[in-house]
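Working notes, structure below.
The values are calculated or read from the model by the stated rules, or taken from the named source; none is laboratory data. Because the structure is a prediction, the values reported are computed rather than measured. Glycine gets a Cβ as well: all are built from the backbone with ideal geometry, and neighbour counts include every protein chain shown. These area figures cover heavy atoms from the full protein model, side chains too; ligands, DNA and RNA do not enter into them. Shrake-Rupley method; radii C 1.70, N 1.55, O 1.52, S 1.80 Å.
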Amino acid sequence: MEDTIAAISSALGVGAISIIRISGEKSIEIINKIFNKDLTYAASHTIHYGHIIENGEIIDEVLVSLMKAPKTFTKEDIIEINCHGGINTTNKVLELVLSRGARLAEPGEFTKRAFLNGRIDLTQADGIMNLIEAKTDISRKMSINQLNGQVSNIIKELRTNLVNIISNIEVNIDYPEYEDIEVVTSDSIYPQVLKMHEKLENIIKKSEDGKIINEGIKIGIIGRPNVGKSSLLNTLLEEEKAIVTDIEGTTRDIVEGKIIINGIVCNIIDTAGIRETDNVVEKLGVNKSYDIINSADLIIMILNNNEKITEEELELLSKIKNKNHIIVINKTDLENKLNLYVKDAIKISIKDNTGIEDIKNRITEIFNLDKIDTFDMSYLSNARSISLLKKSLNKINECLSNIKDDSPIDIIELDLKECWNLLGEIIGETYTDELIDEIFSRFCLGK
Ligand code: GDP
C-alpha cells in the first residue's frame, strides 16, 4: 500500500484561506481522527463544514472537501482542508494530519501519483507546471492545451501512424505466403515515412516557438563601459533599475528586467563593460558577461557613435558574429567619430529617445514574434520534449535514407520502432524512475 501523503497546497504566508491536501488510502481515516464529523459514509465530491479538534480543543473552523477514489486528481482518496490562512493555524493543522498517519509529500508528489496512476501523462504534467509558472496570456493558454491532453493526442496520433506502418511490415515478414496481403516494399512505405517527417518537422518548429512563449527570450546587452548599456536597459524597462553613471565600470553587477514584446517575455540583462581589467570585482562581472554571450538567445551590442572603435570591440564583434545579435550605435546626438561601418546597425540616441522602437522591431523580426501562431497553441514547450522530438526526426531521416539505399525492410522497421519508442518517452509511455523523480522534483510543494 502507498503511503498517505499530505502537504500545504496553497502559497505559504498569511492569507484568508490555506489548503491542506491529503491523498492516499488513509485520507478519510485521518480526517475522521481530527474532524468533528465522521466522513466514512459521506458521499464523494462533497464539502463539509466543521471544526478541527485536538484533545477537545478547537484548532480551527474549516471546510473539508471529500473526493473518493478513483475520480480524483491522484486516483486515490483525497481530502482537502480549507482552513484559515494564518501561518500558525495552517502549520498546526498540517502537523495534526501528519501525526495521525500521513507523511509529508515531496515536491510534485501529488502530480507524480496522478502520472503513475495513469490519470495524466508526462506532457500533461508539464502542462500543469507551465500553467503554474505562466507569466503571459499566451503561455497560460498554451499550458491549458497541454494539460487538456491536446499535445499528447498529437504525439499519440504520430505513434499510431508508425504502428500502422510497422504492423504492415511485420505481416509481410511473418506471413510472406499470404497472397491477399499487399506486399510492403521500401517504395510503398516511402510516402508514409515522408509524411511523418513533414509532421515531425512542423511540430518541432512550433515547439521551439512554444519554448519561447513559455520561457521567454534571454537578451544580453554588452559593450564597452560608458556606451549606454544601463541607459538602454532603463529605457527599455522604463524604470530606474540599473545604475546609470558616467564613471567607467560602475555597472558591476548584472542588472536585469523583463519587457513583453508581442506577448513574449524578454528577459534583458545588462552586463558589466567587457574589457580586460585587474580589478577583481570588475573581473567577476566581466566573466559573467562572457557567460551571457554564450547563454543568451540574443546579444545587443552597443557602440558609441562619439568614439573610435577599439580592438576589444572588434574582438567582441567577432565573438558574437555567429549568434543572434543586434548592433546598436548609441549617442547619435553627438558628433560621429565612430570609424566603422556596420551593416544593419540600428542608430539610436537614448538621450533624445530615438531609435528605441527599431530595436523592439528588430527583436520581433529575428524571432518572428509576430508570426508565432497563438491560435494553435498545442505544442510541446520544454527542452526534454523538444530534444526527443529532434531525436525522433533523426530516426525518420535515417529511415528515409535507408529506404533510398534499398536497405532490407527489417532495418527500416527498426528505425521506425526506435522512433516510436522516442515519441513514447515524450508522453511517458516508456520511462525510468530517475527521469520521473527528476521531472516531478521541479514542482512546488503540495502540487
Ligand atoms: P554603461 O556603462 O554602458 O552602462 O553606460 P551608461 O548607461 O551608464 O551611460 C554612460 C553615460 O552616457 C551616462 O552619462 C549617460 O547619461 C550617457 N548616455 C547614454 N546614452 C546617451 C546618448 O544617447 N547620448 C548622450 N549624449 N549621452 C548618453
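Using only Cα atoms, figure out Rg for the stretch 84-241 and give it as a multiple of 2.2 N^0.38 Å.
Taking N as the residue count of the stretch 84-241, the ratio is 1.72.
Would you calculate the convex hull of the Cα atoms in the stretch 1-157 and tell me its volume per residue in Å³?
On the way: hull volume 18.9 nm³, N = 157.
It is 120 Å³ per residue.
I need the shape label for the stretch 72-139. Rule: rounded when a/c is under 1.5, else prolate if a/b > b/c, else oblate, with a, b, c from the alpha carbon gyration tensor.
Note, shape of the stretch 72-139 comes out oblate.
First compute the accessible area of the stretch 62-141 with a 1.4 Å probe, then give the percent of it belonging to carbon and sulfur atoms.
Ligands and nucleic acids excluded, carbon and sulfur give 51 percent.
State, in angstrom, two size descriptors of the stretch 29-109 derived from its alpha carbons: Rg to one decimal place and Dmax to the nearest whole number.
Just the Cα atoms of the stretch 29-109 yield Rg and Dmax of 12.5, 34 Å.
Net charge within 14 Å of Glu25 by Cβ-Cβ distance, Lys/Arg positive one each and Asp/Glu negative one each, not counting Glu25 itself?
Local charge sum for Glu25: +1.
Which order do the peptides 193-201, 325-333 take when ranked by the mean count of other beta-carbon atoms within 10 Å per residue, highest first? Before the final figure, lay out the partial values.
On the way: 193-201: 16.6, 325-333: 21.2.
For the peptides 193-201, 325-333, the packing ranking is 325-333, 193-201.
Under 11 Å from the Cβ of Leu122, count the other residues' Cβ atoms, weight Lys and Arg +1, Asp and Glu -1, and hand me the total. Kindly include the intermediate steps, with their values, before the conclusion.
Numbers: positive: Lys112, Arg384; negative: Asp121, Asp126, Glu425, Glu429.
After counting each charged neighbour, the total is -2.
On a straight-distance basis, which lysines could pair with Lys71 in a cross-link, Cα separation under 30 angstrom, same-chain partners fewer than 8 positions away excluded?
Cα-Cα hits under 30 Å: Lys26, Lys33, Lys37, Lys92, Lys112, Lys141, Lys156, Lys447.
Using per-residue counts of other Cβ atoms within 10 Å, averaged over each peptide, order 334-340, 207-213 from highest down.
207-213, 334-340
Taking a quarter of the surface of the convex hull around the Cα atoms of the chain, what do you get in nm²?
If you wrap the Cα atoms of the chain in a convex hull and average its projections, you get 30.7 nm².
Exceeding 26 Å between C-alpha atoms, which entries from my cross-link table qualify? They are Lys258/Lys323; Lys218/Lys347; Lys206/Lys343; Lys258/Lys343.
Working: Lys258/Lys323 21 Å; Lys218/Lys347 22 Å; Lys206/Lys343 31 Å; Lys258/Lys343 28 Å.
Too far apart for the 26 Å limit: Lys206/Lys343; Lys258/Lys343.
The stretch 427-447 to the stretch 1-50: how many Å between their Cα centroids?
Cα centres, the stretch 427-447 to the stretch 1-50: 24 Å.
I want the local charge near Leu422. Using Cβ-Cβ distances under 13 Å, sum +1 for each Lys or Arg and -1 for each Asp or Glu among the other residues.
Values: positive: Arg159, Arg384, Lys390, Lys391, Lys395, Lys417; negative: Glu398, Asp415, Glu418, Glu425, Glu429.
Neighbourhood net charge equals +1.
Restricting to DSSP H runs of at least four residues, report the calculated mean residue ellipticity at 222 nm for the chain, -39500 (n - 2.57) per run over all residues, nearest 500 deg cm²/dmol. Display every interim value, and only then the final one.
Working: 14 runs with 203 residues, N = 447.
It comes out at -15000 deg cm²/dmol, rounded to the nearest 500.
For the stretch 316-447, I need the span (max minus min coordinate) of the C-alpha atoms along each principal axis, in Å, sorted largest to smallest.
Ordered largest first, the stretch 316-447 gives principal extents of 71, 53, 33 Å.
If you take the alpha carbon radius of gyration of the stretch 1-76 and divide it by 2.2 N^0.38 Å, what ratio comes out, to two decimals?
Taking the Cα Rg and dividing by 2.2 N^0.38 Å, one obtains 1.12.
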